[in-house]
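The block underneath contains the structure these notes are about, expressed in structure tokens.
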């Protein structure tokens, strides 16, 4: 049975809690045994690509683990009671400083995931072994006679301090994965591929069915992971070269082998959560904002900088930004102060931004943004990806290369060549000219602040809307934040939706990001 988007996104939220519950801290001495590995065999650079290509020529098989009698993990509380034994971490204590451990199958994770280790030019599959795990009172340990495979894995490295091997990367659930940079906490997710997102027929969720984790040969600070993706419509071979740090970077090389023509496919998909902030409050809450990301940042193929604040609308909203070979896009978290959230537990100010840097020519297509209504911060409701214009043909192969940056700020060039939007806010423009003042949600006041600009000399803002009237455009300095503020009014009387656009220029020179926003009637 196909799972709904909401079920999948709810799963992603639960994974965040799971990651916090499973954190083990300092690693000590190696404990793995050669008995954990199956027999080693040759591994070539094209091994996973050949597997994916051959699988694409065959019908899709939807595999599911049959849990043995007496081992039925059907609730979150049961599943969280299964923890990997930190003393059994693979490669723990070795000079390259990386280690990893596995997630047990069960609960939502019943598709088999096979994990292999690569040493030099040899590979070996990790056997399923229940002794690797600690089973609490809510989860009775299986006898190990049935191969339950694994549900994914997490990787550790001393990313924050030299003596603590922190978890910084997780692969678990369909093709979802998450990472953090130094000092950050888990937030938004990436995926291997998106298919038919928002389609009336329902979305297809490809899965990583096997991984090959290459043992680093020296303390380079880089780990390489290969993955095999499978779904009814496509197979894929992925290679991740990962370097943890302030900006944890992943070089991704992916080759897709469609089983059928794909005309609605998302490359480098990102999934996040936005509940509310100063530009729109959909729920009552004591906090000032609740979100893992607050905007979609884009650098077009022509070099135009764009910023699209996120929203939590009443109905599904889909936006497409046409482009030719984009230079970058990402879901960013620019709000970085505790005071902006007031949440002592979630610490949203420490959630990572995720920037996609395409490598090579991605040709024509569009960056698509999906904003899904939600009343709860446990639901990931934001999706963004690159959608190629050309259909990916059955029987062909399609390669995309890109770099992911899990970071606190935009990572490619510092400082940015234009002012970046640091704040967007809106509210009802109270008609003080009337007596008494009126309250009309159609009459809006917008405020945009640009960081990196401290003088208004020669600055002019051009604000437009495809519906409704824009008035009172003002540019002035904000000495409190050392920013430049643009404010304007928008009258949306009689309309339900409007596309707003604000450009900031100094003469003919672009001085700030082009600000885009879709207003929908609350």
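The values are calculated or read from the model by the stated rules, or taken from the named source; none is laboratory data. Values in this document were obtained by computation on a predicted structure and should not be read as measured data. Cβ placement follows ideal geometry from the backbone for every residue including glycine, while neighbour counts extend to all protein chains displayed.
Figures for the structure shown
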{"read-out": "Which listed residue is within 17 Å of residue 421 (Cα to Cα) and modelled with pLDDT of 95 or more, from 487, 455, 471", "value": "487"}
{"read-out": "Residue within the range 278-289 that is in contact with a helix residue (DSSP H, G or I) (Cβ under 8 Å, 6 or more places away or on another chain) and farther than 13 Å from residue 382 by Cα present", "value": "yes"}
{"read-out": "Test for residue 437: is it surrounded by fewer than 15 Cβ atoms within 10 Å (Cβ to Cβ), free of Cβ contacts under 8 Å to residues at least 12 places away in the same chain and in a loop (DSSP other than H, G, I, E, B)", "value": "yes"}
{"read-out": "Filter result (closer than 26 Å to residue 430 by Cβ, over 32 Å from the mean Cα position of the chain (by Cα) and in a strand (DSSP E or B)) within the range 451-471", "value": "461, 462, 469, 470, 471"}
{"read-out": "Among the candidates 60, 128, residue that is in contact with a strand residue (DSSP E or B) (Cβ under 8 Å, 6 or more places away or on another chain), assigned to a loop (DSSP other than H, G, I, E, B), at pLDDT 95 or above and surrounded by fewer than 16 Cβ atoms within 10 Å (Cβ to Cβ)", "value": "60"}
{"read-out": "Residue satisfying all of: in the range 136-150; crowded, with 16+ Cβ neighbours inside 10 Å and over 21 Å from residue 214 (Cβ atoms); nearest to the chain's Cα centre (by Cα) among these", "value": "148"}
{"read-out": "Candidates 230, 251, 246, 294 - the one that is crowded, with 20+ Cβ neighbours inside 10 Å and within 26 Å of residue 159 (Cα to Cα)", "value": "294"}
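Matching residues to (1) under 18 Å from residue 155 (Cβ atoms); (2) outside any loop (DSSP other than H, G, I, E, B):
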residue: 71; (1), (2): no, no
residue: 77; (1), (2): no, yes
residue: 94; (1), (2): yes, no
residue: 101; (1), (2): yes, yes
residue: 111; (1), (2): no, no
residue: 117; (1), (2): yes, yes
